[in-house]
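The next block holds one structure in the form of structure tokens; read it before the comments.
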Amino acid sequence: MPCFVSDAVINYVLQDESLNYVSAANEGDAVALIAGVALGAVACIKHGGGISMMQNSGTRQCGEPRASLTWTFRLPQLLIVTCAASPGLPMNRSTR
């Protein structure tokens, strides 16, 4: 789930009819969904892709889908990761 920093991006996507916004239950589901978008783009022979937005704490949650799907099958994916922790906290250092 993106934090308030991503509000401007989400609002832009919601207002642009050529873009689709799909909310996911968790970060792992978001990565898997975008992997499906990449596979569908290949199957349909059209250009397309997706972006997953999440807080830095979600990078651990989506580790398995990133390793088993996007890395293994070399599927393109853009992650926008915002820093939810305050500077100096362990979570902040471990996820940047």
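Bear in mind these aren't lab numbers, they're just calculated from the coordinates by the rules spelled out. Only a predicted model underlies this, so the values are computations on that prediction, with no experimental measurement involved. Cβ sites come from the backbone with ideal geometry, for glycine too, and all protein chains shown count toward neighbours.
Things worth noting here:
- Neighbour counts of other Cβ atoms within 10 Å put Ser18, Ser68 in the fewest-to-most order Ser18, Ser68.
- Counted by neighbouring Cβ atoms within 10 Å, the residues Glu27, Glu64 run from fewest to most as Glu64, Glu27.
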